[in-house]
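The values are calculated or read from the model by the stated rules, or taken from the named source; none is laboratory data. Please read all numbers here as calculations on a predicted model, not as lab measurements. FYI the Cβ positions are ideal-geometry reconstructions off the backbone, even for glycines, and counts take in every protein chain you see. These accessible areas exclude ligands, DNA and RNA; they are computed on the full protein's heavy atoms, side chains included. Shrake-Rupley method; radii C 1.70, N 1.55, O 1.52, S 1.80 Å.
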Amino acid sequence: MDTLIVNGGRALDGIVSVHGSKNSVLPILAATILNSGTSVIHNCPKLRDVDAAIEILKYIGCRVTCEDGCVTVDSRSATNLDIPDKMMREMRSSVIFMGAVLARLRRVSLFAPGGCELGARPIDLHISSLKALGALITEEGGSIDCRAGNLRGRDIVLSFPSVGATENTMLAATACTGRTRIVNAAREPEIVDLQNFLVSMGADVSGAGSSTIIINGRKPLHDVEYTVIPDRICAATFMCATALCGGRVRIDNVIPEHVSTLTSILDGIGCRVKVGKDYIDISREGSLSAIRSVRTMPYPGFPTDAQPPLMALASKCKGTSVFVENIFDGRYRHVGGLIRMGADIKLEGKVALVYGVKQLFGCPVEATDLRGGAAMVIAAMAAEGKSEVSHIEHIDRGYENIEKSMSRIGADIKRVIQV
Ligand code: EPZ
């Protein structure tokens, strides 16, 4: 397991660019199964989760080539419809292949991805939506067998605007006869990106970004070339790192509205934030005041994925910051590492009270999950002295060479590869 060695306490300075969105490219890779042709995807980030998704595509029978951030998928020979448990467990969001394989091959068998570091991660909304579209689904001991049956479009009302369930329903609905309307759909930018990809492929999808998405199924699909949006959570991580370490950083390749809730928080606590057309210029001198309250919500609310890096920042803000994590019941696993570094945090169920301290101190910490690991890295960059962040395989799932990006803006951070 690789580790990162960080010598903290340095202000940041420089320019960093944001890679393509992990949470966009994963459902888009699943969608390449639909067109029985060639899909060329640009701005594809080099991440462990992307590698896992490509392994699933290859297992299903697609031919996949990757070159300089461009992935080409030829899905003409996709025939394999049972995805092994090991592959499903490699990446929690592999459940997103269910809707696409069902739509194309009319049948899919896979294993419930199970929980992850963030908690239970149920897929009941995915299953109930596909059943409502006519899929015949049997579940036995974690394995799921899904047959197309007579897929017909209809209204699907989600009890929670689940990102994954919205995406799976969109993908399955492209194979349904008639119109499917997803009510209370997730509104994340990654949903809009998936819609734009599907429309570029010839599908009839509209409404993404609002709470109601309409898919008119069984349109002829064709080859597609598409560029994925930038990763808003990576952008948020660089913003929090700069606010925490101090200095001035320009973050390129950003869609500013995708990080507007964070921009407003940072501006409100004393950072200088200049928002350009496709960049954010952020600087921080002197101390920051505490964050009154941060409630994680479905988009356009504050994103749960940005909560851990923001909490690392809050640990050095003057006063008490209040966090309420409303999305995942296991998303405070980074708190232990922050406390080890000297943060003063009290957990009360969904609420985290962060009492700002003057200084964090370097020490050995562990990445517990993807965004919690990012929080460890930026806290180590701000801490006095040396830190060692272990289990960075979690971080490599969603950040492309995090040590290279952070070094580029002045951090003293090196990867030690454990052989
Ligand atoms: C997506 O996960 C993202 N992953 C997550 O990012 C992100 O945190 C999450 O959306 C929320 O924005 C990808 O896009 C690959 P959900 P997803 O379904 O789809 C409950 C990261 O760090 N729920 O919107 O799994 C669920 O338990 C990752 O990049 C059900 O109860 O999120 C959770 O409490 C982490 N039943 C809430 O909904 C279901 O069938 C939100 O889950 C599905 C979800």
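See the values below:
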| read-out | value |
| --- | --- |
| Amide N of region 324-345 lying under 13 Å from the label point, which is placed 7 angstrom from the Cα of Leu353 along Cα→Cβ | 344-345 |
| Whole-Hz couplings from phi, Karplus 6.51/-1.76/1.60, listed for region 28-33; x for Gly and Pro | 5, 4, 4, 5, 5, 5 |
| Entries in Lys350/Lys404; Lys131/Lys219; Lys346/Lys404; Lys316/Lys404 that, when Cα-Cα distance is taken, lie over 31 Å | Lys350/Lys404; Lys346/Lys404 |
| For the chain, accessible area per residue (1.4 Å probe, heavy atoms of protein chains only), Å² | 38 |
| Efficiency of FRET between Asp223 and Val183 - r from beta-carbon atoms, R0 45 angstrom, step 0.05 | 0.90 |
| Protection proxy ranking of 94-101, 15-22 - average other beta-carbon atoms within 10 Å, highest first | 94-101, 15-22 |
| Overall dimensions of the chain as given by Cα atoms, namely Rg and Dmax in Å | 21.3, 63 |
| Cys66 accessible area, 1.4 Å probe, all protein chains in place, Å² to nearest 10 | 90 |
| Charge dipole magnitude, Cβ of K and R +1, D and E -1 - region 22-227, Cα centre, debye nearest 20 | 620 |
| Carbon/sulfur fraction of accessible area - the chain, other protein chains in place, 1.4 Å, % | 50 |
| Theoretical FRET efficiency, 1/(1+(r/R0)^6), r = Cβ-Cβ of Thr65 and Ser36, R0 22 Å, to 0.05 | 0.80 |
| Region 9-142: C-alpha gyration tensor shape, a/c 1.5 cut-off, then a/b vs b/c | oblate |
| Cα principal axis extents for region 22-227, largest first, Å | 40, 36, 30 |
| Neighbour net charge for Val25 - beta-carbon separation under 10 angstrom, K R +1, D E -1 | -3 |
